[in-house]
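Working notes, beginning with the structure itself.
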Number of protein chains: 2
Amino acid sequence: MVEHSGLDIMFLNKYSPGSSSTSSTEAENKFFSKLKMSLIKKYPQKNAETLSAQYGTNLLLVGVSLMLALAQRGPAVKEEHLLTFITVLMLVQLVWMLCYMIRRERERSPVPERDAHAGTRWIRGGLTMLALLSLIMDAFRIGHFVGYHSCVSAVLGVYPIIHALHTISQVHFLWFHIKDVIKKYETFERFGVIHAVFTNLLLWCNGVMSEAEHFLNNQRRRLTALGYTNYTPAEPEHNCNCSTSMCSMFTSSLYYLYPFNIEYHIFVSAMLFVMWKNIGRTLDHHNNRKRPSTRTSILLLGPILGLLALASSITVLVVYLIHVEKSSQTREAAVSMFYCYGVVMMACMCGASGTGLLIYRLEDWPMDTGKNPSRQLDSELLMGSSLGSWLMSWCSVLAVGASQSSPSYRWTCLAYSLLLILEKCVQNLFIVESLYRRCREHVGSEDCPGMVPEIFSVTGSMVPPYDGIVNRAYETQDKCCASMEGEQPKKRQVCSRNNSLPVGKSLNVTPGRNRQILKNITIFLFMCNISLWLLPAFGCRPQYDNLPEQEMFGFSVWSTVLNVAIPLNLFYRMHSVASLFEVFRKV
Amino acid sequence: MVEHSGLDIMFLNKYSPGSSSTSSTEAENKFFSKLKMSLIKKYPQKNAETLSAQYGTNLLLVGVSLMLALAQRGPAVKEEHLLTFITVLMLVQLVWMLCYMIRRERERSPVPERDAHAGTRWIRGGLTMLALLSLIMDAFRIGHFVGYHSCVSAVLGVYPIIHALHTISQVHFLWFHIKDVIKKYETFERFGVIHAVFTNLLLWCNGVMSEAEHFLNNQRRRLTALGYTNYTPAEPEHNCNCSTSMCSMFTSSLYYLYPFNIEYHIFVSAMLFVMWKNIGRTLDHHNNRKRPSTRTSILLLGPILGLLALASSITVLVVYLIHVEKSSQTREAAVSMFYCYGVVMMACMCGASGTGLLIYRLEDWPMDTGKNPSRQLDSELLMGSSLGSWLMSWCSVLAVGASQSSPSYRWTCLAYSLLLILEKCVQNLFIVESLYRRCREHVGSEDCPGMVPEIFSVTGSMVPPYDGIVNRAYETQDKCCASMEGEQPKKRQVCSRNNSLPVGKSLNVTPGRNRQILKNITIFLFMCNISLWLLPAFGCRPQYDNLPEQEMFGFSVWSTVLNVAIPLNLFYRMHSVASLFEVFRKV
C-alpha cells in the first residue's frame, strides 16, 4: 500500500518540472505493470459483476432488436441473420464450456468446492428429458432442411446441428459442473457463465417468438376459413418442392415440440444464473448439506383430485382443438367450455391454497427470516411472472365490463379473469410462506437442517457470515428457532418454549395431521399447475379470439399484451410446479 | 404453544363421534378468536410484504389497462374514467396520510425510531421544488377547466384540485415522516405506504403517457406541415370556445411543466418504497448516524467543463426546436447538429468516467462488501433504466447498418448510438464502484462512518445483525477495513497494514490529488447528465424522425420502443444525477 501510494504520486507528478526523464520512464513502466496487475488480478468483484451483467444484457438486446426487425418482414433482416447471430453465440459458449472443462480437468484440485443445493438431481433429470425432446426437434429441423436444401440458406441446416451439439454439451455441463463454486480465474468464468445465461435467454425469446408467430398465423388461417377475415399468408412458402416425402410431417410435428424446447432454455438460464451468482462466493459449510428426505405420509385426496384435474384438462384441450376449427357455433361452445372449466379449476385452487394458508395461520410456526438470496429470487420470479397474466386479466375485466357486444361466455370470462387474479395472489402467498417457514422435522434434535434448498438455489450464506466470525455456540442453540431479532420478543419466548418441550403425543399428532393436509394440498396444486401449463402450451388460447378486448384495445395492442402475457404465464406455471415440488419435499 | 396444538386437534376432530357438542362450540369459539388474533396481531412479516406488494401491483395494472384502452380511443373508456380512478386513489392516500399523522400525534412516543439516511435534506429540498412546479401546473389545469367548464366533464376540474391537495400533503408527509421506521400497527401502515408508492407510479405513468401523446401529435402536425404525411388530429378539440382569454396560454405552458411533474412522481415513489422497506426493520444504531460533511477541495476544471456542456446543450435545444419546424433542409441540419453534439458529449463523458475508473484501479482501495440493500437498489435501478436506451441504440445501429436510405447524419447517428451504449456502461461502472468503495476519510480514526447514505437509502443493516448478537469488539476493529471474508486473505493483510500506518504526508497528499480529480470528474458528469436530461425532456427527440429505423421496424414498433426508452432514459439521467451527487459528497 505504501509502495502503491508512492507510485500514484509519481504518476500524478510525472510531468511536473522536478522529475528527471529516467525516473519518469521507470515510473511509467511501473505504472503500466501495476495497472495491468490491478486489471487482471485484483479487479474488484462488484465491478466484474456489473461489467459482465452489462455485457450479457447487451447481447440479449442485440438479439431482441434483430427479432423486432424480423417481425417487420423488411428486406434488410432475414431469419438467416438472426440464426447466424444465435449460432455464433452458441459456438462461443461451446468453446467456453470446453475450455472450462479442460481447465478443471487439468487443475485436479482434490475436491473443488460445490454448492450442494444448486441444481438438485430431480431438476437435472427433468432438464435432461426436455433436452432429449429438443434434440428430436433438431432432428426434425435437419430433416426439413434436407428436404428443401436446394432452395433455402445453408444457415437453416447449420443451426440445428450446432443447436444439437450445444444441447448435448450443455446437459453434460449441467450434470457435472453446475454445482461448482468458482474461485479461480474469476473474470473469464464470469463472462463465460453470463454469456451462457443470455444465450439461453435469447434462445428462449426466439422460441417464444417463433411459437407466437406460428400460432397467430394458424389463428388467422382459421378465422379466414370461418369467414371472419381475409388472410393471405405473410410468410412466403418455399418456392421449390420438398425432395423427401416427410417434409410436412416434420413441419407439423415441430410445433408440438416447441413448448418443451422453450421451457428447457428458460430453466437452463435460471440454473446458470445461480452458477453466476455462486462465483467468488464463500460457502458456509454448516448449511451446505443436503437435507435427509422426509418420511412418506398417506396421500390420497390430493393425488386423486390432481389426476382428475389433469384428465379434465387434457379432455378440454382435445375437445377445444377439435371444435374450434369447425364452425363459429362450435367455436363459441368450445370457448364457453374452456371458461367454465377455468372457473372451476381456479375456484378449487383458490380453496386449496387458502386452506393451506389457514393451516399456517393456526399453526403459528416461526418463519425463517435469515437472508437467503435464492429464496428471494424464487419469490421474485413468482411475482414477476404473475404480472403478465394479471395485466391480461385486468384488461379482460375492463373490456367485458364496458363492452357492448355480448358473447355467450361474457360473464364466465369475467368470473374467470377475476378468479385468475385471486388464484395467483393466493397461490403466491402460499408458496412464499411455505418456502419461508422453518423446517418442521427434527425440532429439538441437534441436526436441524434449517435451510431448505430452493428451486434455483443460491442457498444459505450468500452473505459471508457476519464479519467472518460466527458465534457457533449461540447459533447452534438458536438455529431451529430464530425469529426476527428484536422485532417480536414474544415470539422468541414461545419458540424456545416449544423447543424445550418434550415431544409428546399431542405435538406429534397434530403436525402429522396438518402435514398430511398440506402434502395433499401441495400435490393437488402441483398437478393443477401442470394442467394449466398444458393448455396454452398446446395451443388452447381462446383469449386471442375475444371480441370485447379486441374492440377496446385494438387488435395489435391486445395481441401484444397476449404475446407477452402468455409466455410469462407458461413460465409462471412451470416455476410454480418446481416450487411446489420443493414445498412438497419440505412439508 | 401447547394450548394451541390442543386447539388444532379439536379443530380437526371437531366432527369426530367422540366430541360433545358443548366442547365443540367452545372449541369453535376459541378457534375463531385464535384465528382472528393470528391474522391481526401475528401475521408474519414476509406474508404481509408479499400481500401488499401484490395489492400495489394490481392497482398499477388496473391503471395501465385503463391507459391502454384510452390509447385506443374507443367509445367505452374516456379520459374522465382514468382521472376518476386516479383521483380515488389519491383520496385514499390522503385519508391514509391523515390517519397516519393523527396516530403518530396521539402516540407521542418520546422519539420514534428514524432512519437517518432515508430522504436526505437536499433530496427533500429538490422534491419540494418539483412539487411547486407541479402546483403551478395544477393551477394552469384549473384555469383551463374554468375556460372550458361548460363543455367538459367536471372530473377535469376536480382532478387538479385533488392533485394539488395531494401534492401539498405529500410534501408535508415527506418532510416529517419519510424517515419513520414503523414498528406498530404494521399491516395498516404497510398497505398505506405501498398504496402511496403505486399511486405515484401511476401518476408517473399517466404523465409519461400524456407527454408522449402530446409529443407525437405535435410531431405528426409538424410532418404534415412539412408535407410528409397527412394528419388529421385524432383528439377532438373541445366543441365550445374558451370563456377566458388565457386558455391557449394555459395549454401551451402546461407542456413545459410536464417533465418536472413526471420526475416528481417517480422520485416520490422511490422514496416511499424505501419507507415501505423500512417497515418492521431493526435499525443498527451503530450505522444509523449521519456522516460529517467532507472538506471542500479545489474545483475548477470540472465545473467549467460542466457549465460549458450545459450551455451548449441549451443552445442545441433552442436551435433544434427553432429549426426543426421550418423546412426539411433545416430539419436535417438540426438533426445532424444534434448527433454531432451527442457524439462529442458522449466521448467526453466516456473519457471522464474511464479516467475515474483508472484512478480507482491505481488506488486499489478496498471495497465495502457488506450487505446493503439500498446500494443494491441504486445499482439495479441504474442498470434497469439503462435497458431502454440500450435497446433503442441497438435498434439504431442495426437500422443504420442495414438500411438503403442514407440521410446525411447516417454515420454520426451510428457513432452516437455506439457511444451512447458505451457511455452508459462506463458511467454505470464508475457510479457503482464509487458507491461500493469504502469511505476515504477518517481511516484509522475511531469514528469511521463506514456506511454511506445512498440515494434512496435503505441503508446499513436491513438484515438484523447476525442472530441478534454482534461481536462489537471484533466489529469496531474491522469496521473500516472489512474485505470479503475468506476470499482474499491477502487483501485483508494489505488493509490492516494500511490501517495501522501513521497518516504520513505521502498518504495524505496522493489521495488528496486523486480526490480532487475524482471530484472534478463527478461534477462534470453531474452537469452532463443534467444536460442530457434537459434535451429530451423539452422535446428534442430526433429519434422519432429517423427514417432507417422506421423502415426497418415499422412506425408503430419504433414509436413503441421510443415511448418506452425515452421515459426510462429520463429517469436514468435524473437517477444518475442524484447518484453522482452522493458520489461527490462521498469522494
Residues with amide H under 5 Å from that of A:Arg437, placed H, sequence gap 5 or more: A:Asp368
Area of A:Trp175 that stays accessible when all protein chains are in place (1.4 Å probe, Å², to 10): 90 Å²
Entries in A:Lys30/A:Lys277; A:Lys36/A:Lys183; A:Lys183/A:Lys519 that, when Cα-Cα distance is taken, lie over 31 Å: A:Lys30/A:Lys277; A:Lys183/A:Lys519
Whole-Hz couplings from phi, Karplus 6.51/-1.76/1.60, listed for the stretch A:347-363; x for Gly and Pro: 4, 4, 5, 4, x, 5, 4, x, 4, x, 5, 4, 5, 4, 4, 6, 6
Interface residues, the stretch B:63-109 - accessible area loss of 40 Å² or more versus chain alone, probe 1.4 Å: B:Ser65, B:Leu68, B:Gln72, B:Ala76
Test item: B:424-431 mean partner chain Cβ contacts at 10 Å: 3
Protein heavy-atom accessible area occluded, B/A pair - total, 1.4 Å probe, Å²: 9100 Å²
Average Cα contact separation per residue, the stretch B:118-170, under 8 Å, 6 or more apart, as relative contact order %: 40 percent
J(HN,Hα) series, the stretch A:206-221, from Karplus relation 6.51 cos²θ - 1.76 cosθ + 1.60, nearest Hz, glycine and proline x: 4, x, 4, 5, 4, 5, 5, 5, 4, 5, 5, 4, 4, 4, 5, 4
Inter-copy label distances at A:Thr25 (7 Å, Cα→Cβ; nm, one decimal): 10.5
Exam field: B:Leu547 pseudo-label spacings to other copies (7 Å along Cα-Cβ), nanometres: 4.4
Surface accessible to a 1.4 Å probe, A:Glu26 within the full protein complex, Å²: 120 Å²
Per residue accessible area of the stretch A:104-227, 1.4 Å probe, in Å²: 42 Å²
Gyration tensor verdict on the stretch B:110-196 (Cα atoms; rounded if a/c is under 1.5, prolate if a/b is larger than b/c, oblate otherwise): oblate
Carbon and sulfur %, accessible surface of the stretch B:141-204 computed with the full protein complex present, 1.4 Å: 77 percent
Karplus-derived 3J(HN,Hα), 6.51/-1.76/1.60, for each residue of the stretch B:428-438, Hz, glycine and proline x: 4, 4, 5, 5, 4, 5, 4, 5, 8, 7, 6
Label 7 Å beyond Cα on the Cβ vector: B:Val564 copy-to-copy distances, nm: 0.6
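The values are calculated or read from the model by the stated rules, or taken from the named source; none is laboratory data. All values reported here derive from a predicted model rather than from experimental measurement. We place every Cβ from the backbone using ideal geometry, glycine too, and count neighbours over all the protein chains shown. Heavy atoms of the whole protein, side chains included, go into the accessibility calculation; ligands, DNA and RNA do not. Shrake-Rupley method; radii C 1.70, N 1.55, O 1.52, S 1.80 Å.
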